[in-house]
Amino acid sequence: MTPLQPPSLTPSELASPIPAPQPGWFDSWQDAKAYIDAHGMEHGYAVTSTHGDDKKNGKLKLACDRAAKYDNLSGISENEKLKKKSSRKCGCRMYILARKHPNDRWELMIKHERHNHEPSHDMASHPTLRRLNADALDQIATMMMNRVPPRAQTAVI
Ligand SMILES: [Zn+2]
């Protein structure tokens, strides 16, 4: 165990090839979500909002869509429930939190950066990602190059 790895990581998390997104600052939660969607599309995962999601109070919680199923999801359609049932859940713990600060900007924090599974090669099974087109991805890449703080880049090493 090296000091760089939190001791709570499981072997399957240590073996997962999916890289973590970078923390950073965004003008809106939509921008933050768009960045995570684009990162997931590139690396083979998708995130969904969870019951900890409270955008009105400046909090957005996004978890890997292969997390264990939440029992207390409310307000989702029968169609959504079917989709959730048919996707492969494996208890992935990867999740991200975006918090709104008094300056109206959203800070993106990677709370659990490791997945415990291989990337998905069938991104068509992630409905939220199909809406992104190449132009949007280019825009997001440009946005991130301007915004990633230097300390986030050194954290990878
Ligand atoms: Zn995952």
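Since every read-out is calculated from the coordinates, none of them should be taken as a lab result. What you are looking at is a predicted structure, and each value in this text was computed from that prediction instead of being measured. For neighbour counting, all protein chains shown are included, and Cβ atoms are generated from backbone atoms with ideal geometry for every residue, glycine included.
So the values come out like this:
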item	result
Sequence of Glu107, Glu113 once ranked by neighbouring C-beta atoms within 10 Å, starting from the fewest	Glu107, Glu113
Fully extended contour minus Cα-Cα distance, from His101 to Arg88, at 0.36 nm per residue	1.2 nm
Cut-off under 5 Å, modelled amide H: who pairs with Gly24 long-range	Leu108
Taking His101, His121, His115 and counting other C-beta atoms within 10 Å, the order from fewest to most	His121, His101, His115
Pairs beyond 18 Å (Cα-Cα), from Lys56/Lys89; Lys33/Lys100; Lys56/Lys111; Lys33/Lys59	Lys56/Lys89; Lys56/Lys111
Per-residue Cβ neighbour rank within 10 angstrom, fewest leading, Arg99, Arg88	Arg88, Arg99
